[in-house]
Amino acid sequence: MAVDPAIIGTELPATTLTIDAGRLRFFAKAIGATDPVYTDLDAAKAAGHRDLPAPPTFLFSIELENPDPFAFLAAAGVDLRFVLHGEQSFTYHSTAVAGDVLTATPRITDVYSKKGGALEFLVKETAVTRADGSAVADLKSIIVVRNPGAGK
């Protein structure tokens, strides 16, 4: 089933998360970040941060806090068995640190297909801001959907 391009512009539910230092340490360990700035408060402060900074790619995990973070795909008629996370990019505006209250606001910005519809692409862009509205980062995800019925 083809993804209807009418979903372009759809805003998805926002997620708000207070960043916890323990969670940042765990994430740093999980991705193999060995720089003590991500796990030791003294090292973080010596590097000029007011608290432990969020490791690279941490912001991607905010949206996963939603009870059903992939509901938008099901609503678009996408069978999750045929989904692949194709690409992720980050544009950072400031450093998020432990104690920050962040809100991730995603929206679908594009839908297109390749290979005669056998592969469909959903582009989701997410603005991450602090409680005061200041920009932290802009994230871009490209989700690839294999359409097994295409070309038959």
Give the residue that is farthest from residue 122 (Cα to Cα), with candidates limited to residues of region 31-64 that are in a helix (DSSP H, G or I) and within 17 Å of the chain's Cα centre (by Cα).
31
For region 1-30, which positions are among the small types (Gly, Ala, Ser) and part of a loop (DSSP other than H, G, I, E, B)?
2, 9, 14
For region 113-130, how many residues are loosely packed, with under 15 Cβ neighbours inside 10 Å and modelled with pLDDT of 95 or more?
1
Considering only residues that are out of contact with any helix residue (DSSP H, G or I) (no Cβ under 7 Å at 6 or more places or on another chain), modelled with pLDDT of 90 or more and within 21 Å of residue 125 (Cβ to Cβ), which ones fall in region 75-87?
78, 84, 85, 86, 87
For region 65-109, name all the residues that are outside any helix (DSSP H, G or I), in contact with a strand residue (DSSP E or B) (Cβ under 7 Å, 6 or more places away or on another chain) and among the acidic types (Asp, Glu).
87, 100
Could you tell me how many of the residues in region 99-111 are exposed (fewer than 15 other Cβ atoms within 10 Å of the Cβ) and either at pLDDT below 95 or small (Gly, Ala, Ser) (or both)?
1
Report the residue count in region 131-146 for those that are surrounded by 16 or more Cβ atoms within 10 Å (Cβ to Cβ), farther than 15 Å from residue 78 by Cα and aliphatic (A, V, I, L, M).
3
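The values are calculated or read from the model by the stated rules, or taken from the named source; none is laboratory data. For clarity, every value in this text was computed on a predicted model and none was experimentally measured. Here Cβ is always computed from backbone atoms with ideal geometry, including for glycine, and neighbour counts include all displayed protein chains.
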